[in-house]
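The structure appears below as structure tokens.
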Amino acid sequence: MNANSLVFHLFKALLVVMIFLAQSLNVAAKDKDCWAEFFDDTQYTGKHFQLNEPAQLANLNAVNGENWAIRISSLKVGPKATVIIFDNENFRLSTTDMAKSPDLMRSWGITEKDIKEESELIFNANATIHDLSDFGFHQKVKSLKMKCN
């Protein structure tokens, strides 16, 4: 292999590494807006934890070493995230309590059909929920999912 050929192969290898690094940095830059923060008091106060990547927490018994089951009272969703919360472990939702407040459910666009089908609560990008009791969910969250958009 002559010197020109060696330089060409090294240049190709370096170019591949640079492209890979550029894509990795681009992915990291996109994901920095994918987050959600959960608080144990209303108005975004008290103890809290943050998720910074997609997650599926089938239960909240050991989040950052603490039991967060039935503790979440308020939450904030980042600009590129969606959060789905459930009042049962393993991503199941019992809407019996929600059905007790039909006016509130209608004001949020939730129909009787949704209630009967046991749908989950979904909070889209940039949502700021100062008090989950507005949804009948104050300190009832037992599992959750976070997706990046």
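Derivation of every value follows stated rules applied to the coordinates shown; laboratory data play no part. Predicted model, so just to flag it, every value in this text is computed and none were measured. Cβ: placed from backbone, ideal geometry, glycine included. Neighbour counts: every protein chain shown.
Please work out the FRET efficiency for the pair His138 and Asp31, using the Cβ-Cβ distance as r and a Förster radius of 35 Å; give the result to the nearest 0.05.
It comes out at approximately 0.70.
Listed highest first by mean packing, meaning other Cβ atoms within 10 Å per residue, what order do 136-144, 32-40, 64-72 come in?
136-144, 32-40, 64-72
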